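This report concerns only the one structure given below.
The values are calculated or read from the model by the stated rules, or taken from the named source; none is laboratory data. If you're wondering where the values come from, they're calculated on a predicted model, not measured in any experiment. Here the Cβ is made from the backbone with ideal geometry for all residues, glycine too, and neighbour counts use every protein chain on show.
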Amino acid sequence: MYQFNDYNNCNVRLTFEENGFTEHPKHVWVICKYEDKWLLTDHSKRGLEFPGGKVEEGETLIEAAKREVWEETGARIKSLHWIGQYEVTCDSSSFHKAIYFAEIVSIEEKLHYLETAGPTLLNSLPANIRKNTSFSFLMKDEVLPYSLQQIAKMQLF
């Protein structure tokens, strides 16, 4: 398990053990690759980030991951792999988020992408995302680099 403070100075605990904190996280975050490129979404308020969001009532984590990727990017998932889970605690509130890695089979243009401007493809992620104002705060803590290490360890890309 890893523990650190995030970009907003909240306490984060990250694990790659299945159901490490809870069996029922209420949020998902999906790190996506499409044709050897990173697939992100451009959130209207936060900037570039991997797709994700809340799990809706009656929805499984996998269903939520697929829905969020579709809604925010127009992408269809070829394969989805569970990576880990993290917990964010700020003041007296906390939440849990499941992390997935998705290989994308196709991207369709949509009329609306909800709160995002749709898909953004990058050949590589910048070395210093923390200082890059184009990226969301969600991309600026240690969850992303540790998750990328875990994905590589699992030989998913």
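Could you tell me whether any residue of region 72-83 is of a type outside the set (A, V, I, L, M, F, W, C), modelled with pLDDT of 95 or more and at positive phi? Don't jump to the end; show me each part of the working.
Here is the first cut: in region 72-83, the ones of a type outside the set (A, V, I, L, M, F, W, C) are 72-74, 76, 78-79, 81.
Among the residues that remain, those that are also modelled with pLDDT of 95 or more are: 72-74, 76, 78-79, 81.
Next cut, at positive phi only: 74.
Looking for residues that are of a type outside the set (A, V, I, L, M, F, W, C), modelled with pLDDT of 95 or more and at positive phi, one finds at least one in region 72-83, hence yes.
Quick one: would you say residue 41 is within 13 Å of the chain's Cα centre (by Cα), under 17 Å from residue 140 (Cα atoms) and not aromatic (Phe, Trp, Tyr)? Explain how you work it out, then say what you get.
Numbers: within 13 Å of the chain's Cα centre (by Cα): yes; under 17 Å from residue 140 (Cα atoms): yes; not aromatic (Phe, Trp, Tyr): yes.
Taking the combined requirement at face value, the residue satisfies it.
Return a yes/no flag: does region 73-80 have any residue that is more than 19 Å from residue 157 (Cβ to Cβ) and among the hydroxyl-bearing types (Ser, Thr, Tyr).
We begin by selecting, within region 73-80, every residue more than 19 Å from residue 157 (Cβ to Cβ); these are 74.
Subsequent filtering for residues that are among the hydroxyl-bearing types (Ser, Thr, Tyr) retains none.
No, every residue in region 73-80 fails to be more than 19 Å from residue 157 (Cβ to Cβ) and among the hydroxyl-bearing types (Ser, Thr, Tyr).
Any residue in region 106-126 that's charged (D, E, K, R): show its pairings with residues that are assigned to a loop (DSSP other than H, G, I, E, B) at Cβ separation under 7 Å, as long as the two are six or more apart or on different chains.
Close Cβ pairs (under 7 Å, with a partner that is assigned to a loop (DSSP other than H, G, I, E, B)) amount to 108/74; 109/74; 110/74; 115/44.
Restricting attention to region 105-118, does a residue exist that is closer than 28 Å to residue 9 by Cα and modelled with pLDDT of 95 or more?
Taking every residue of region 105-118 in turn, none turns out to be closer than 28 Å to residue 9 by Cα and modelled with pLDDT of 95 or more.
Name the pairs: first residue in region 65-92 and farther than 25 Å from residue 13 by Cα, second residue crowded, with 19+ Cβ neighbours inside 10 Å and charged (D, E, K, R), Cβ to Cβ under 8 Å, at least 6 apart or on different chains?
Pairs that qualify, where the first residue is farther than 25 Å from residue 13 by Cα and the partner is crowded, with 19+ Cβ neighbours inside 10 Å and charged (D, E, K, R), are 77/66.
Take the residues of region 28-58 that are touching a helix residue (DSSP H, G or I) at 6+ places or on another chain (Cβ under 7 Å) and small (Gly, Ala, Ser): which is farthest from residue 135 (Cα to Cα)?
The residue in question is 53.
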